[in-house]
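Asks: My questions will all concern the structure given below.
The values are calculated or read from the model by the stated rules, or taken from the named source; none is laboratory data. Note that the coordinates shown come from a computational prediction; the quantities given were computed from them, not determined experimentally. Note that we place each Cβ from the backbone using ideal geometry, even for glycine, and neighbour counts take in every protein chain shown. Ligands, DNA and RNA are excluded from the accessible area calculation, which covers all protein heavy atoms including side chains. Shrake-Rupley method; radii C 1.70, N 1.55, O 1.52, S 1.80 Å.
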Amino acid sequence: MVRKDMRLVEILVLSADVRERIVELFDDRDLDYVVTDDATATDSAAIVKLLLPVRAVESVQQALADLDLPPDRYTVVVNTKTVVSKSSEESWVSNAELESVSRERVARDELHSKAADLLPDFLIFVLMTAISAVVATAGVLLDSLPVTVGAMVIAPLLGPSMATSAATVIDDEGLFAESAKYQAAGIAVALVSAVAFALFVKAFAVPNAALDVRASLATSNHTSPTFLLVAVAFCAGLAGAVSLSTSGLTTLVGVMIAAAIMPPIGVVGVAIAWTHPTVVVGSSAVVLLNVFSINVAAIVCLWYFGYHPGDWRALRETRIRMLKRLLVLLGLTVALATFLANLDADALALALEVSP
């Protein structure tokens, strides 16, 4: 049998007592493992290795935590490419005494690691976001779908939104603060870049006669049915959370999330340069609505998948904190949705008729 949804768990132990307790645990659960002794200290240091299905890792990690071992242990979970074995999936599942085996989700620690790894170097993030905003603005001015899609592909917006959501449900305030900073900085950098590029095009690069700005701004979706806007952003957040919490790829999901944010930012840049305040306000509301909806969907999805502290006291505090954030995000989402639903579509047409 060839398996790809496997993890190699390596546990470095530095004392004989810890090694014996870990080996006894694995023997009780009838798990296959190997012990590699340190040649220089065979009576103490060793590495215990075992292969587990993705969804079994968290169960084993929790069992290790329940042993209340001293802090002289290091656990490394390695993502394997392919495992060839004659063992069946059913035996692995029963041996690991798994709960909720129907959910192919990664362990809580792996989710934490994946979310943190999605945050690139801040300078690189700012640079890539600025480039994406310039491309999106050019796509709006050219009224070109392929160019706009290119902006979505290079926009690094998946990481901050997913990291913020994951940090909320697993109670990592440090990661939450950092990822929230990334989200705020990303939107600010994208808006500044879009406006600067649009102003440059208007003033120096391209004669106004060569651009049909009214046709370009007419692609603004701030007069679209609000329910559809929320549905698209909500689905993007759900897809991101599912991809993050399983072994699925996040690259294509990142394009979907960028599709909800980058095009309206490009529209905002063009609308500011050509002085169309109605479009500026409407498209800015769409950007914020999409950002809030993506975060709400991801937080709800990850919490439903069971990513929360195991200790009941920490669970209670995390749930209260999560509900407060959800209420704030939901309140802002409803307010923006109400504003967009009541935004007169005729105002856009009137504003575009009076093009300077």
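Asks: What order do you get for 226-239, 15-28 when each peptide is scored by the mean count of other beta carbon atoms within 10 Å, highest first?
Replies: 226-239, 15-28
Asks: Still on this model: Please work out how much length the chain gains when fully extended from Val192 to Phe122, using 0.36 nm per residue of separation minus the C-alpha to C-alpha distance, in nm with one decimal.
Replies: Gain in length upon complete extension: 23.5 nm.
Asks: Also, quick follow-up: Any idea how far the Cα center of the stretch 10-39 sits from the one of the stretch 313-329, in Å?
Replies: Between the Cα centres of the stretch 10-39 and the stretch 313-329 lies a distance of 38 Å.
Asks: Using a 1.4 angstrom probe, figure out how much accessible area the stretch 114-200 has per residue, in square angstrom, rounded to the nearest whole.
Replies: Working: 3400 Å² over 87 residues.
It amounts to 39 Å² per residue over the stretch 114-200.
Asks: Rolling a 1.4 Å sphere over the protein heavy atoms, what is the accessible area per residue of the stretch 231-281, to the nearest Å²?
Replies: Numbers: 1650 Å² over 51 residues.
Result: 32 Å² per residue.
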